[in-house]
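Asker: Mind looking over this structure? Questions follow.
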Amino acid sequence: MRPPVLQIIIGSTRPGRVGPAIAAWFAGRAKAHGGFEVELIDIADFGLPLLDEPNHPMARKYTKDHTMRWSATISNGDAFAFVVPEYNHSFNAATKNAIDFLYHEWRFKPAGILSYGGAAMGTRSAQALKPVFAALKLLHAGDVSVPLVNNPVKDGVFHPNEILASAADALLDEIAMSVPALIERRSRAKTTA
Ligand SMILES: Cc1cc2nc3c(=O)[nH]c(=O)nc-3n(C[C@H](O)[C@H](O)[C@H](O)COP(=O)(O)O)c2cc1C
């Protein structure tokens, strides 16, 4: 049986962002974990405008090529890790917009949050994302909160401390444990839909 696909989603899209460095570090740990097929997904690659579909995503009647491409990509994920910055005490708008484009593609899959920011380490960003997970029945598998106060990203490479490394591995274990039960739950949702 193929291992579950863990998609690590880079939420920030601005030039000069640090998100890809943190996501690349987590992807390395996920590959070393051994329990997943790992995909790095960059929201910036999808050119998503502000939500421009006429139908609720629940209907899955997509009309735009960018939505169909985004849907096909996220459908392939069995689990997610959202790598999100803190902007004005919440997570960033590009992440919310990308989430809102889809519905079924997210449901009954485990998801972790790697949030980052200043002294608050992106914790407010993570807290704001959790009710969105609940609305979509994404199972929150845990958080890793990354402080940027000592500038741990240098030349595009993230240099974590040991506490973050063990927190990342604990999150990967939680996600891996949640996947089998949710795959079963998802197949039941399909047959009863
Ligand atoms: C619009 C904006 C708002 C921000 N607001 C916060 C904030 O509320 N709390 C915080 O800790 N950092 C805040 N920051 C700092 C970001 O956490 C930091 O710039 C981080 O690198 C942003 O992630 P990114 O580089 O991947 O875009 C903000 C940055 C931006 C651009």
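Taken together, the values in this text are just the output of simple stated rules run on the coordinates, not laboratory data. Quick caveat, the model's predicted, so the values are computed rather than measured. Glycine gets a Cβ as well: all are built from the backbone with ideal geometry, and neighbour counts include every protein chain shown.
Asker: With a sphere of radius 12 Å drawn around the Cβ of Gln7, what net charge do the other residues whose Cβ falls strictly inside it have (Lys, Arg +1; Asp, Glu -1)?
Answerer: After counting each charged neighbour, the total is -4.
Asker: Take every Cα-Cα distance within the chain, group them into 5 Å bins from 0 onward, and report for each bin the whole-number percent of pairs it holds.
Answerer: Bins of 5 Å from zero give 1, 8, 17, 21, 21, 16, 10, 4, 1, 0, 0 percent of pairs.
Asker: Ok, one more. Enter the angle in degrees (range 0 to 90, nearest 10) between the Cα long axis of helix 19-33 and the first principal axis of the Cα atoms of the chain, meaning the one along which they spread out most.
Answerer: 80
Asker: Among 78-88, 57-67, 140-150, 155-165, how do they line up from the highest to the lowest mean number of other beta-carbon atoms within 10 Å?
Answerer: 78-88, 140-150, 57-67, 155-165
Asker: How much length is gained on full extension from Asp45 to Lys61, taking 0.36 nm per residue of separation minus their Cα-Cα distance?
Answerer: 3.5 nm
Asker: With charges only on Cβ, +1 for K and R and -1 for D and E, what is the dipole size of the chain about its Cα centre, in debye, rounded to 20?
Answerer: For this selection, approximately 520 debye.
Asker: Let me ask you something else. On a C-alpha basis, how far is the centre of the stretch 130-146 from the centre of the stretch 159-193 in Å? Whole number, if you could?
Answerer: Spelled out, the Cα-based centre of one part sits 11 Å from the other.
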